[in-house]
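The values are calculated or read from the model by the stated rules, or taken from the named source; none is laboratory data. The model shown is predicted, which means the values in this text are computed figures rather than measured ones. Cβ coordinates were reconstructed from backbone atoms using ideal geometry, including for glycine residues, and neighbour counts include every protein chain displayed. Quick note on the areas: whole protein, heavy atoms, side chains included, nothing else; ligands and nucleic acids left out. Shrake-Rupley method; radii C 1.70, N 1.55, O 1.52, S 1.80 Å.
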Amino acid sequence: MELEFDKEMDVILRRARDGRGVLVGDDPPEKPKKHIDADAIAAFAENAIPSKTKLLYIEHFADCDRCRRMLSQSVLLNSEAGITSASPVVAPSVEMTVPWYQTFFKTQNIALAMGALVLTFGGLLGFLVLQDRNTDTGS
């Protein structure tokens with residue numbers, strides 16, 4: 001209830017401020033303000049206006065709720081359009097062929113190759129030592 005009463009009071013005060021009436025203690029309004037048209041608001045949202053005009057529009061947006069709402073809607077629509085138009089394009093996946101020698105030098109492959117080399121040369125060295133012993137004892 002309290003929130004609805006505040007909204008009604010806010011509407012009444014805005015009407016009074018817009019030149020339809022003057023509240024006690026308020027200064028009488030000079031003349032009604034002109035609103036910025038929709039095309040100019042869209043240009044402002046897209047940052048396509050000169051800097052001097054931009055400053056004037058910013059001052060107007062600070063005072064005018066109607067134009068500020070239109071600006072927020074314009075920015076919201078532009079952001080939604082940007083999201084849909086900038087949807088990610090799925091690139092076709094191209095399978096690259098890697099030469100055999102490049103796959104050999106991966107970390108896991110190098111570790112396996114070194115282990116195999118150590119076992120091979122260790123076995124070969126052990127075999128040669130045993131053969132040498134057999135030839136020394138046999139002569």
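Odds and ends about this structure:
- Per-region count, region 39-58, residues open to solvent by 60 Å² or more (accessible area, probe 1.4 Å) and more than 20 Å from Gln73 (Cβ to Cβ): 5
- Conditions (1) at pLDDT below 80; (2) open to solvent by 100 Å² or more (accessible area, probe 1.4 Å); (3) part of a helix (DSSP H, G or I): number failed by Ser93: (3)
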